[in-house]
1. Need one word for the chain: rounded, prolate or oblate. Basis is the Cα gyration tensor (sqrt eigenvalues a ≥ b ≥ c); a/c below 1.5 gives rounded, then a/b vs b/c decides.
2. Express the relative contact order of the stretch 26-102 as a whole percentage, based on alpha carbon pairs under 8 Å and six or more residues apart in sequence.
3. Taking H as built 1.01 Å from N, whose amide H comes closer than 5 Å to the amide H of Asn12, not counting residues under 5 places away?
4. Choose one of Gly28, Val106, Val44: the residue whose Cα lies farthest towards the positive end of the charge dipole of the stretch 6-128 (beta-carbon charges +1 Lys, Arg; -1 Asp, Glu; about the Cα centre).
5. Given labels modelled 7 Å from the Cα in the Cβ direction, how far is it in nm from Ile73 to Asp131?
6. As I understand it, the dipole of the stretch 6-128 uses +1 on the Cβ of Lys and Arg and -1 on the Cβ of Asp and Glu, about the Cα centre. Which of His64, His17, Leu94 lies farthest toward its positive end?
7. What ranking, highest mean first, results for peptides 110-117, 35-42 when packing means the other Cβ atoms within 10 Å averaged over each residue?
8. Net charge around Tyr68, counting only other residues with Cβ within less than 10 Å of its Cβ (Lys, Arg = +1; Asp, Glu = -1)?
Amino acid sequence: MKKTGTKLIASNKKARHEFFIEETFEAGIVLTGTEVKSIRQGKVNIKESYASIENGEVYITGMHISPYEQGNIYNVDPVRKRKLLLHRREIRKLIGETQQKGFTLVPLSIYLKDGLVKIEIALAKGKKLYDKRQTMAKKDAERRIQQHSSEKYQ
């Protein structure tokens, strides 16, 4: 019996605050069996991680997957560099964008899709301090408008 649907495991909320998201990509991750079991338990952290391109392949660095308790000798380094699985044309596009325009690759979320572990990475450009203030002010204004409109109808 094959599992269907998606289940969010971890998300990087800080990334949307720190970066302008231009485009997102879904990628598979090369993992060991104990890492998959640990991810299914939700023991993964992507807040300090980033993706990089080396020798025409995309890797994620700094993603922490806690060792699986029953894993004993099969556990690997929790913060090792892991290869991401993308189509060749997507990798070529990412190489071009990151080299020329000052973009970076940031992981947004990790989820299970049809029983497989997937990661959503974004082609992003860093925000300056004033951009962050603008974003916060816009969200605050939208929140106030929402509260004000809900008070009218009560």
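Please treat every number below as a calculation from the coordinates, not as lab data. Please read all numbers here as calculations on a predicted model, not as lab measurements. FYI the Cβ positions are ideal-geometry reconstructions off the backbone, even for glycines, and counts take in every protein chain you see.
1. Working: a/c = 2.16, a/b = 1.39, b/c = 1.55.
In terms of gyration-tensor shape, oblate.
2. Values: 107 pairs, mean separation 25.7, N = 77.
Reported as a whole number, the value is 33 percent.
3. Ser109
4. Looking along the dipole axis, the top candidate is Val106.
5. 5.0
6. Farthest along the dipole direction, towards plus: His17.
7. On the way: 110-117: 15.8, 35-42: 17.8.
Descending mean neighbour count gives 35-42, 110-117.
8. Values: positive: Lys37, Arg40, Lys43; negative: Glu35, Glu69.
Taking every Cβ under 10 Å from that of Tyr68, the sum is +1.
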